[in-house]
Amino acid sequence: MRYVASIGHETAKHFCTYVRELIWESVRTSEFPELPSRQKCIWLTKGEDNLHYWIERLGRPAEQITVFKVLPDGRMHTTSETHLSGDAESYLESVEKSRRYWRGEIDNPLHQEILFEGTMLVESKVSI
């Protein structure tokens, strides 16, 4: 029975994430269409502290992660992951958090994320 509850919990978490992304993409396309889509972008980091924050956040050993220094050419949006919705918030709360995210409000520079759509030149592999 515990196994079934675990599967149900994981399914619910994935569904919440899916719904959040649908809400956020809807807000982006209607209010911030010039910004890159979370559904089509690649995430970049800026600075060593931000890089190490994200490596730790990924929850994988550093030796399993390959990092490159790149020269991007395209659309970028710098914002904060702190606006990402929780599991138990209303639709209106999610929409407001989405707007803060798309406006690029950053409380803690360490938690910033950069969304990028376009082309890039790989300059070098980075040792981490």
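Against the test of being out of contact with any Ser or Thr (no Cβ under 6 Å at 6 or more places or on another chain), surrounded by 11 or more Cβ atoms within 10 Å (Cβ to Cβ) and either of a type in the set (Ser, Thr, Tyr) or part of a loop (DSSP other than H, G, I, E, B) (or both), the options Thr82, Thr11 yield a single qualifying residue, Thr82. Is segment 46-65 home to any residue that is free of Cβ contacts under 8 Å to residues at least 60 places away in the same chain and surrounded by 14 or more Cβ atoms within 10 Å (Cβ to Cβ)? There is at least one residue in segment 46-65 that is free of Cβ contacts under 8 Å to residues at least 60 places away in the same chain and surrounded by 14 or more Cβ atoms within 10 Å (Cβ to Cβ). Note on segment 85-108: residues that are at pLDDT below 90, within 14 Å of the chain's Cα centre (by Cα) and surrounded by fewer than 16 Cβ atoms within 10 Å (Cβ to Cβ) amount to 1.
Considering segment 60-79, and only residues there that are of a type in the set (Ser, Thr, Tyr) and at pLDDT 95 or above, the residue that is nearest to Glu123 (Cα to Cα) turns out to be Thr78. Considered as a group, the residues in segment 89-126 that are among the charged types (D, E, K, R) and assigned to a helix (DSSP H, G or I) include one that is farthest from Leu44 (Cα to Cα), and that residue is Glu93. Checked against the criterion of being part of a loop (DSSP other than H, G, I, E, B) and under 21 Å from Thr17 (Cα atoms), segment 63-75 has no qualifying residue.
The values are calculated or read from the model by the stated rules, or taken from the named source; none is laboratory data. Everything numeric here is computed off the predicted structure, so don't read it as measured data. Note that we place each Cβ from the backbone using ideal geometry, even for glycine, and neighbour counts take in every protein chain shown.
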